[in-house]
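Here the structure comes first, spelled out in structure tokens, and everything after it is commentary.
The values are calculated or read from the model by the stated rules, or taken from the named source; none is laboratory data. Keep in mind the model is a prediction, meaning the values are calculated, not measured. For neighbour counting, all protein chains shown are included, and Cβ atoms are generated from backbone atoms with ideal geometry for every residue, glycine included. Only protein heavy atoms, including side chains, enter the accessible area calculation; ligands, DNA and RNA are left aside. Shrake-Rupley method; radii C 1.70, N 1.55, O 1.52, S 1.80 Å.
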Amino acid sequence: MALVASATSLTGPRTLVLLDNLDDADAYMDLWDDLQSRQFNVTLHDVKTPVSLSKYDQRLFDHLLILAPKMTAYPTGMNAKSVVGFVAEGGNVLVAASSELGNTIRELSREFDVEFDNRYTTVYDHFNYDQDLGKDRHDTVVVNTGTHLSTVDAIVPQKDIPGPILFRGIAHSINPSNSLLTKVLWAPQEAYSWETQDGDNESANQDPSVSGKDISLVSVMQARNNARIAFLGSTDMLTDRYFSAPAKKHGEKISPSGNRKFIEELTKWTFQEKGALDVVAVQHHKVGEEEAPAHYRIKDTMTYTISLAEYHDGEWHPFSADDVQLELIMLDPYVRKTLEQVPLDDQSTVGTFTTTLQLPDQYGVFKFAVNYKRPGLTYVESVTTVGIHPFRHDQYPRFISQAKPYYTSAASMGVGLLIFSFVYLWGGLESTVKTTKKA
Amino acid sequence: MAKFSSLVLVAVLASLSSAIAASWNVNDINLSVTAKNGAKKADHKLEYPYAVEDLKADNSDILKFSFKVENKERPHQAMVVFQSQDEFQDEIMVAAAVKPSGKGRFEINFAKADPKFRYNTRKFSMTFLVGGSKVEEPFKYALGHIEVQGPSANPAVRPSRVAYEALDEIHHQFRADQKLINRAVSGLFSLLVLAPFAALFLLWSQLGIKFEPLKAMAQRPLELVAGLVFFSSLAAIEFVFYSYWTHVTLFPVLQYLGVLSLVALVSGRSVLSSVQTRRLQRTQASSKKDL
């Protein structure tokens, strides 16, 4: 059955799961089932057994799931540098934490501008706790997907999640100025992060280090090489128990939890099963021609066309968007124009975006660049270098009406010469005849 | 054994109290704004669900908040959430220390508090939250709104983030076309250039030009042919110049001119010498007559 390895993931099927203890694997049976049904080749590993992510500079795995929050040291053969190197080589990582998060994972997350709260802290919410799982400590938060889930549908489509999401774990915050990071799920306004209580009659007497929507529960990063990393503050939200538990908030109706679907969509995105774009073709030519010229001339009217395909559900599909932009760049952008999508039909295999524009009256080496970066989609950067020439000496207008006096004088010169020659050759003054007559 | 039974007792009591106290009971809520020098700007005694409006604070003011929880349990969370009433909806959670007696209070010095208070002048909604795991139902009280003045100098700077989204379009500004003079003016000057022709023809008509009759020319066919060849070679050279001006390039032009100028040279020599002879005859004849 090894032949089934045609994974639906673009990166590949080889998945390594790091666990604190192999016995923990029993808690995630549904997750393994889901991954295996999507053709992932899951290898479970505890943190005490040596394991290596790459050999001879080649990745041995395509995806890494770190479900070992308590980990105090990497397995022999692995370190923070090798995980970062794994991402740099295009591997995808999913990190799940819990209140008992050790420094190893905390330091790894810092490499990606994600800061987990201190060890032994928990997200509490006395207003949105689950009445079953969070009864004793109010530490299982019921998160409403309509208001606290990212609207970036490319990552987790809001409308597909059947119910609220149950979360129990640690808070993290992301660097607000890092554009590569996207908050996917965040805490309700009333939530706060505080030391894990032992049930005594204590009071949170200082401002919480992070609270409300500043608490990221789940966030994702897409690196510049399009490798994807997901951070979850809770290992519990991945367990069978949370997958199947109904969510019941105080004073609200019981509803099925959206955890399983949420995790399915999140892992699909993280493991490159969707939201991946590719440039299929780039064409450009002068209007009325078919082929790309060796160079353009200033003020030429030309047509630029780019074809993009989107990967999801194991196949490439035509991509649709209304905000793909073309830039003409020589140091600075001279022209930026939104491309129009050619209407799709049944035969379309790619999304085609096109525009016709007049080149600027500035000659030089220009780049036709489509730099399409949107949250949740792989970054598209297509650059075509073309030369734009000035007019050649004989490409200027040949006659201008304002030079008419000059043309007339040249012509009158020529005609005058002919008339004069004619008169000189065959004409004579009558005066001789007259004088003869008189005489 | 005694220790054990007391533990049981505590547990029973705790379960009883949590069964009884299903919600929080908070009283004696005070909210005041004090200036730096100690002068009270506003002082409100609040009772649920009354909400204060039009509360204003300078960036150096101090906001004081106190309350008393009547329950036996101490709440774990007794906090006020400030939410900015603008597009960002920033949230700031301020905690109050609750003493075992149930009394709780906090102070915010806006000059030293969370930088989110110091971006600029903004209105915040205030929500009082009381909650704890011992009591099933939390207590939420919308206290109203407060406008916090931004600092006049050195406001806090919101972390900026490059959003991945469509950018504004750029349309290239083409250089304006060269300014050209009016066609009518150039037409007028074209006519002026042609004016010498008029002068020429006028003068010639006064002189009275007489052309040799064709019959006379036909008597000297060689001369006539040479004349026609010379004249047409001149015309052809003019035509080559015209073609050079419009579409033919330099080297073919030189070839044509090479041939045509030879023809013009040879034919011109014979024609012009015959014209000179004729003229000389005429002048001699007329001078004889004058004599």
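Residues in the range B:206-222 that are open to solvent by less than 100 Å² (accessible area, probe 1.4 Å) and either of a type in the set (D, E, K, R) or in a strand (DSSP E or B) (or both): B:ILE209, B:LYS210, B:PHE211, B:GLU212, B:ARG220. In the set (1) crowded, with 16+ Cβ neighbours inside 10 Å; (2) at negative phi, A:GLY90 fails one condition alone, (2).
Within the range A:201-216, can you find the residues that are touching a strand residue (DSSP E or B) at 6+ places or on another chain (Cβ under 7 Å) and open to solvent by 70 Å² or more (accessible area, probe 1.4 Å)? Walk me through how you get there before you give the answer.
Step one: list which residues in the range A:201-216 are touching a strand residue (DSSP E or B) at 6+ places or on another chain (Cβ under 7 Å), which gives A:203-216.
Passing the criteria: A:ASN205, A:GLN206, A:ASP207, A:SER209.
Screening the range A:404-421 for residues that are more than 7 Å from chain B (Cβ to nearest Cβ) and either farther than 17 Å from B:ILE237 by Cα or touching a strand residue (DSSP E or B) at 6+ places or on another chain (Cβ under 9 Å) (or both) and picking the one that is most open to solvent (accessible area, probe 1.4 Å) gives A:TYR406.
Answer yes or no as to whether A:TYR396 is of a type in the set (Phe, Trp, Tyr) and either touching a strand residue (DSSP E or B) at 6+ places or on another chain (Cβ under 6 Å) or at the interface with chain B (Cβ under 10 Å from one of its Cβ atoms) (or both). No.
Filter the range A:27-48 down to residues that are β-branched (Val, Ile, Thr) and open to solvent by less than 40 Å² (accessible area, probe 1.4 Å) and give me whichever is nearest to A:ALA96 (Cα to Cα). It would help to see each step written out before you state the result.
Our first condition is that a residue be β-branched (Val, Ile, Thr); within the range A:27-48, this holds for A:42-43, A:47.
Those left that are additionally open to solvent by less than 40 Å² (accessible area, probe 1.4 Å): A:42, A:47.
Numbers: A:VAL42: 17, A:VAL47: 15 Å.
Within the range A:27-48, the match that is nearest to A:ALA96 (Cα to Cα) is A:VAL47.
Residues that are within 19 Å of A:GLY427 (Cβ to Cβ), modelled with pLDDT under 90 and surrounded by 14 or more Cβ atoms within 10 Å (Cβ to Cβ) do not occur anywhere in the range B:230-237.
Name the residues in the range A:187-242 that are more than 29 Å from A:ILE155 (Cα to Cα) and hydroxyl-bearing (Ser, Thr, Tyr), would you? Spell out how you get there, then give the answer.
Let us first name the residues in the range A:187-242 that are more than 29 Å from A:ILE155 (Cα to Cα), namely A:194-208.
Of everything in the range A:187-242, those that are more than 29 Å from A:ILE155 (Cα to Cα) and hydroxyl-bearing (Ser, Thr, Tyr) turn out to be A:THR196, A:SER203.
Pairing residues of the range B:66-90 that are free of Cβ contacts under 8 Å to residues at least 24 places away in the same chain and closer than 28 Å to A:TRP186 by Cβ with residues that are open to solvent by less than 40 Å² (accessible area, probe 1.4 Å) and assigned to a strand (DSSP E or B), at Cβ distances under 9 Å and at least 6 apart in sequence or on separate chains, gives B:GLN89/B:GLN83.
Every listed requirement among (1) open to solvent by less than 80 Å² (accessible area, probe 1.4 Å); (2) within 60 Å of the chain's Cα centre (by Cα); (3) of a type outside the set (D, E, K, R) is met by B:LEU192 save one, (1). The number of residues in the range B:30-47 being within 12 Å of B:GLY144 (Cβ to Cβ) and not aliphatic (A, V, I, L, M) comes to 1. Among all residues of the range B:51-63, there is at least one that is modelled with pLDDT of 85 or more, open to solvent by 70 Å² or more (accessible area, probe 1.4 Å), touching an Asp or Glu at 6+ places or on another chain (Cβ under 6 Å) and not in a helix (DSSP H, G or I).
If the condition is being acidic (Asp, Glu) and touching a Ser or Thr at 6+ places or on another chain (Cβ under 7 Å), then the range B:74-90 contributes only B:ASP90. For the range A:282-291, name all the residues that are open to solvent by 40 Å² or more (accessible area, probe 1.4 Å), in a strand (DSSP E or B) and touching a residue at least 40 places away in the same chain (Cβ under 8 Å). Result: A:VAL282, single match. Regarding the range A:201-212, can at least one residue be identified that is part of a helix (DSSP H, G or I) and in the same structural domain as A:GLY85 (by TED's automatic domain parsing)? Yes, the range A:201-212 has at least one match.
Determine, yes or no, whether B:SER125 is modelled with pLDDT of 90 or more, more than 17 Å from A:VAL210 (Cβ to Cβ) and out of contact with any helix residue (DSSP H, G or I) (no Cβ under 8 Å at 6 or more places or on another chain). Give the steps one after another, and end with the answer.
Values: modelled with pLDDT of 90 or more: yes; more than 17 Å from A:VAL210 (Cβ to Cβ): yes; out of contact with any helix residue (DSSP H, G or I) (no Cβ under 8 Å at 6 or more places or on another chain): yes.
The answer is yes for B:SER125.
Looking for whichever is over 21 Å from B:ASP43 (Cα atoms), of a type outside the set (S, T, N, Q) and surrounded by fewer than 21 Cβ atoms within 10 Å (Cβ to Cβ) here; the options are B:PRO138, B:PRO115. Which one fits? Write out each step before concluding.
Details: B:PRO138 fails: surrounded by fewer than 21 Cβ atoms within 10 Å (Cβ to Cβ).
Among B:PRO138, B:PRO115, only B:PRO115 is over 21 Å from B:ASP43 (Cα atoms), of a type outside the set (S, T, N, Q) and surrounded by fewer than 21 Cβ atoms within 10 Å (Cβ to Cβ).
Cβ-Cβ distances below 8 Å connect the following pairs, each with a first residue in the range A:248-271 that is without any contact (Cβ under 8 Å) to a residue 60 or more places away in the chain, a second residue that is open to solvent by 10 Å² or more (accessible area, probe 1.4 Å), and a separation of six or more residues or different chains: A:GLY251/B:GLU137; A:ILE254/A:PRO246; A:ILE254/A:LYS248.
Residues that are assigned to a helix (DSSP H, G or I) and touching a residue at least 60 places away in the same chain (Cβ under 8 Å) within the range A:104-124 comprise just one, A:SER109.
Restricting B:VAL162, B:VAL185, B:VAL157, B:VAL229 to those that are of a type in the set (Val, Ile, Thr), under 22 Å from A:LEU417 (Cα atoms) and outside the structural domain of B:TYR50 (by TED's automatic domain parsing) reduces the list to B:VAL229.
Among the numbered conditions (1) among the hydrophobic types (A, V, I, L, M, F, W, C); (2) within 8 Å of chain B (Cβ to nearest Cβ); (3) surrounded by fewer than 18 Cβ atoms within 10 Å (Cβ to Cβ), the only one that A:LEU425 does not meet is (3).
Just one of the numbered conditions (1) surrounded by 14 or more Cβ atoms within 10 Å (Cβ to Cβ); (2) facing another protein chain (nearest Cβ under 10 Å); (3) over 30 Å from A:LYS299 (Cβ atoms); (4) not charged (D, E, K, R) is not true of B:ALA166: (3). Scanning the range A:328-340 turns up no residue that is hydrophobic (A, V, I, L, M, F, W, C), within 14 Å of chain B (Cβ to nearest Cβ), touching a Lys or Arg at 6+ places or on another chain (Cβ under 9 Å) and within 30 Å of A:LEU266 (Cβ to Cβ). For the range A:395-403, the condition holds for no residue, the condition being that it is surrounded by 18 or more Cβ atoms within 10 Å (Cβ to Cβ), within 30 Å of B:GLN178 (Cβ to Cβ) and basic (Lys, Arg).
Only one of A:SER219, A:SER177, A:SER173 is of a type in the set (Gly, Ala, Ser), open to solvent by 30 Å² or more (accessible area, probe 1.4 Å) and in a strand (DSSP E or B); which? Before you say what the answer is, go through the steps one by one.
Numbers: A:SER219 fails: open to solvent by 30 Å² or more (accessible area, probe 1.4 Å); A:SER177 fails: in a strand (DSSP E or B).
It is A:SER173.
Residues in the range A:359-388 that are exposed (fewer than 15 other Cβ atoms within 10 Å of the Cβ) and more than 30 Å from A:TYR311 (Cβ to Cβ): A:GLY364, A:VAL365, A:GLY387.
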